[in-house]
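Novice: Following this message is one structure expressed as structure tokens.
The values are calculated or read from the model by the stated rules, or taken from the named source; none is laboratory data. Model, not experiment: these values are computed from the prediction. In this analysis, Cβ positions are derived from the backbone assuming ideal geometry, glycine residues included, and neighbour counts consider all displayed protein chains.
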Amino acid sequence: MDTVRNDKAESKDLFDNSTDDSAIEIKGSVFTLPVLKICTADIAQVEKALKKHLAQSLSFFKNAPIVIDLERIKQLKTTIDFKALTQLLRAQQLVPVAVQKGSLEQHLEAEQAGLAILTGQASGKTRQPEAVPVEPSTAGDRDAEVAVARNTGGGEAMPMTPTKIVTQPIRSGQRIYARGGDLIVLAAVNAGAEVMADGNIHIYAPLRGRALAGVQGDQSARIFCHSMEAELIAIAGAYRVFEDHVPNEIRQRSVQICLRGEQLDIMPIQ
């Protein structure tokens, strides 16, 4: 952030309080943001599909900040009514904050509607838009920051770091993130807690909260847990929500979870 300077002593005094470093703190942070991939410029069709999707997992997306992905309609010459689109999302208790992967004209129109533009994403073959994590956030952050869609990207592999090991129970509201490597948890992940890793996640205890592996797009990542009681699981952005209860055939069983195509495969470990 640029700082306005003035060499005149009498003017400098006026800015002393506003530039006090103790007043604010700015730092980078990473969040797993929901990404809504728009496949048509027809707002009525978007509304119908969105309502159907949210009916299945509304509580996990309530008041969630959301990124609008425009890749599939980038080549359309039809004008997008971003004002109507943002009003629709807010009416569904979503908070549109930015767009990505659109044309220059679409980005300019989105800016006029008050949306930010996300750029600088990895190039390469794209399968889905990306849920962008930045840094583990503190307890009390939004309750369900999960990806609606994802982008596996085609950039260089992230250098792996030593495995992160957690020995204490993870309480509701806490989030643990293993950046650049695997995560091993030796105690329960309680309901309302969230564990994330760029690599695999191993939980040698009950998983009652949320587990997100391969958050930077690694489709080969897996989740292993001793007792499957999760609220949500996700790999490379593909997710599954268990709002009522985990199906009886895998509930409280040891399982491994992997991504096959675009579907999560949950397999009991014998």
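Novice: Could you tell me whether any residue of region 240-253 is touching a residue at least 40 places away in the same chain (Cβ under 8 Å), in contact with a helix residue (DSSP H, G or I) (Cβ under 7 Å, 6 or more places away or on another chain) and surrounded by fewer than 23 Cβ atoms within 10 Å (Cβ to Cβ)?
Specialist: Here is the first cut: in region 240-253, the residues touching a residue at least 40 places away in the same chain (Cβ under 8 Å) are 241, 243, 252.
The next check asks that each one be in contact with a helix residue (DSSP H, G or I) (Cβ under 7 Å, 6 or more places away or on another chain); those that pass are 241, 243.
If we keep only those that are surrounded by fewer than 23 Cβ atoms within 10 Å (Cβ to Cβ) too, we end up with 241, 243.
Scanning region 240-253 turns up at least one residue that is touching a residue at least 40 places away in the same chain (Cβ under 8 Å), in contact with a helix residue (DSSP H, G or I) (Cβ under 7 Å, 6 or more places away or on another chain) and surrounded by fewer than 23 Cβ atoms within 10 Å (Cβ to Cβ).
Novice: Let me ask something else. Among the numbered criteria (1) within 17 Å of the chain's Cα centre (by Cα); (2) under 17 Å from Ala191 (Cα atoms); (3) assigned to a loop (DSSP other than H, G, I, E, B), which single criterion is violated by Ile233?
Specialist: (3)
Novice: Filtering region 217-230 down to residues that are within 18 Å of the chain's Cα centre (by Cα) and of a type in the set (D, E, K, R), which residue is nearest to Pro268 (Cα to Cα)?
Specialist: Arg222
Novice: Here's a check for you: in region 50-72, which residue that is under 26 Å from Thr119 (Cβ atoms) and of a type in the set (A, V, I, L, M) is modelled with the lowest pLDDT? Talk me through it step by step, then tell me what you get.
Specialist: Step one: of region 50-72, the residues under 26 Å from Thr119 (Cβ atoms) are 50, 61, 63-72.
When the remaining residues are screened for being of a type in the set (A, V, I, L, M), the result is 50, 64, 66-68, 70.
Values: Leu50: 86, Ala64: 79, Ile66: 86, Val67: 88, Ile68: 91, Leu70: 90.
Applying the filter and picking the extreme gives Ala64.
Novice: Inside region 181-206, can you point out the residues that are of a type outside the set (D, E, K, R) and part of a loop (DSSP other than H, G, I, E, B)? Before you say what the answer is, go through the steps one by one.
Specialist: Applying the first criterion (of a type outside the set (D, E, K, R)) to region 181-206 yields 181, 183-193, 195-197, 199-206.
The answer is Gly181, Leu186, Ala187, Ala188, Asn190, Ala191, Gly192, Ala193, Gly199, Asn200.
Novice: Let me ask you something else. Just one of Gln256, Gln174, Gln216 is surrounded by 16 or more Cβ atoms within 10 Å (Cβ to Cβ), of a type in the set (S, T, N, Q) and closer than 27 Å to Leu36 by Cβ; which is it? Spell out the reasoning first.
Specialist: On the way: Gln256 fails: closer than 27 Å to Leu36 by Cβ; Gln174 fails: closer than 27 Å to Leu36 by Cβ.
Exactly one residue qualifies, and that residue is Gln216.
Novice: Please find, within region 56-102, the residue that is farthest from the chain's Cα centre (by Cα) out of those that are of a type in the set (Gly, Ala, Ser) and surrounded by 15 or more Cβ atoms within 10 Å (Cβ to Cβ). Let's see the steps before the verdict.
Specialist: Residues of region 56-102 that are of a type in the set (Gly, Ala, Ser), as a first pass: 57, 59, 64, 84, 91, 98, 102.
Among the residues that remain, those that are also surrounded by 15 or more Cβ atoms within 10 Å (Cβ to Cβ) are: 57, 64, 98, 102.
Working: Ser57: 15, Ala64: 10, Ala98: 13, Gly102: 19 Å.
So the residue we want is Gly102.
Novice: Then there's this: Answer yes or no: is there a residue in region 79-100 that is modelled with pLDDT under 85 and of a type in the set (Gly, Ala, Ser).
Specialist: no
Novice: Just to be sure before I move on: is Gly153 under 27 Å from Thr119 (Cβ atoms), in a loop (DSSP other than H, G, I, E, B), modelled with pLDDT of 90 or more and touching an Asp or Glu at 6+ places or on another chain (Cβ under 8 Å) in the structure I sent? Don't jump to the end; show me each part of the working.
Specialist: Details: under 27 Å from Thr119 (Cβ atoms): yes; in a loop (DSSP other than H, G, I, E, B): yes; modelled with pLDDT of 90 or more: no; touching an Asp or Glu at 6+ places or on another chain (Cβ under 8 Å): yes.
No; evaluated as a whole, the condition is false for this residue.
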